Every structure is written in C-alpha cells, then in structure tokens.
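**Q** Okay, handing you the structure first.
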Amino acid sequence: MAVTIAVETPLQDAIRALVADFNAHLAPLSPPEFQFQMTAEQMAGDDTTVFVARDDTRTVVGMGALRRHDASLGEVKRMFSVPAARGTGIGWRLLQAIEAEAGRQKLQRLVLETGGTKGFETAWALYERAGFTRCGVVLAYPDSEYSRFYEKMLPR
C-alpha cells in the first residue's frame, strides 16, 4: 500500500470521521472515564501537530499527533489506523513523523498514555519497538489498570 504522510488540519470531514471511528474502537476496551480522547477541535490547537496518512487514492487511512506541553516535553496522541491498513507499517511511519517533528521542535522527551488492557498489545509492541520504555504516570493522567505509560528521551 502506497501511503503518504503529511501535516494536515483535523478540521476536515474525513479526519472527523476517523476520530469517530477511533473513539468507537476504544469504547469497548476501557471505561469512558479512562479514555483520554481529543476532539478534532482540540487537535486543531496551536499546541498540536496532526499527521495524516493517506493511501494512493487519497483516502485517509491513519493519523497520529504530537502535542507540545512545554519547551522540552511532547506527547504522542491519537495514534490510529483503519483496520484495512493495520500491519502495513503506517503506525510506524506516523510515529517516525511525530518523532521527527519533536526533534525539529527541539523537544527532549516524548511521553504517551495508551490502554493497559487486552486489545492494546499491538500498540505496546509498536512503542517498544520504537524505543519507548514503560514509565510511571505522566502528566495529569490518573494511575489505573486501564492505562500504560511510555516515555522516550530524544537525542539532542
């Protein structure tokens, strides 16, 4: 599958639909109070860079975002690919784009929160393969069995 990844606004119908699909995917995996979703409007903020993966027909097949918290800390958010695109390396490419942007912004550390229960194994494998290591609670997330936290120090 030929895929292009680019920074795009999340305020497009196709991205809004992908956000809705992602939220529906997460719904059965953990209680709503432990799902830390961002709306398209929140993703459109100045503190967030959204990467969109499109196939050769220009159909949206994945997304991921970098949210800056301060001059040295960024957070990986909203990593998702459509079922038909899973296993094709899109998640890896999105994560690499996020890390490259974090480097351009001279961030020193990336963190992320992902689900901590059955159903998130492929996410854990992706982050660990990319050099993220498990860590304690980050940012203002609650400590619960429904979350798993990762961090990665970036080269200076």
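**Q** Please work out the average accessible area per residue across the chain, using the 1.4 Å probe convention, and give it in Å².
**A** 50 Å²
**Q** Further, regarding this structure: Mind pulling the per residue volume of the convex hull built on the Cα atoms of the stretch 29-98? Å³ is fine.
**A** Here the figure is 116 Å³ per residue.
**Q** Are there GluC sites (Glu not before Pro) in the stretch 13-107 that DSSP puts in a loop and that have at most 15 other Cβ atoms within 10 Å, and which ones?
**A** Here no GluC sites (Glu not before Pro) fit, given the DSSP loop and packing criteria.
**Q** Determine the gain in length on full extension of the stretch residue 20-residue 4; use 0.36 nm per residue of separation and subtract their C-alpha separation, reporting nm with one decimal.
**A** Roughly 3.6 nm would be gained on extension.
**Q** What is the gain in length, in nm to one decimal, between residue 13 and residue 139 on full extension, counting 0.36 nm per residue of separation less the C-alpha to C-alpha distance?
**A** My answer for the length gained is 42.3 nm.
**Q** On the first, second and third principal axes, largest extent first, how far apart are the outermost C-alpha atoms of the chain in Å?
**A** Here the spans come out as 41, 38, 29 Å, largest first.
**Q** Determine the sum of side-chain charges near residue 1: Lys and Arg each +1, Asp and Glu each -1, restricted to other residues whose C-beta is under 9 angstrom from that of residue 1.
**A** Net of charged neighbours comes to -2.
**Q** A follow-up question, please. Could you check the spin-label model distance between residue 117 and residue 35? Points 7 Å from the Cα along Cα→Cβ, value in nm.
**A** 1.1 nm
**Q** At 0.36 nm per residue, and after removing the present C-alpha to C-alpha distance, how many nm does the segment from residue 100 to residue 46 gain when stretched out fully?
**A** 17.7 nm
**Q** Given +1 on the Cβ of Lys and Arg, -1 on the Cβ of Asp and Glu, and no further charges, what dipole in debye does the chain carry about its Cα centre, rounded to the nearest 20?
**A** Dipole of the chain, to the nearest 20 debye: 440 debye.
**Q** Count charges around residue 133 for me, please; just the other residues with Cβ under 11 Å from its Cβ, Lys/Arg as +1, Asp/Glu as -1.
**A** 0
The values are calculated or read from the model by the stated rules, or taken from the named source; none is laboratory data. For clarity, every value in this text was computed on a predicted model and none was experimentally measured. No Cβ is skipped: glycine too gets one built from the backbone with ideal geometry, and neighbour counts run over all protein chains shown. Side chains are part of the model used for accessible areas, which takes the heavy atoms of the whole protein and leaves out ligands, DNA and RNA. Shrake-Rupley method; radii C 1.70, N 1.55, O 1.52, S 1.80 Å.
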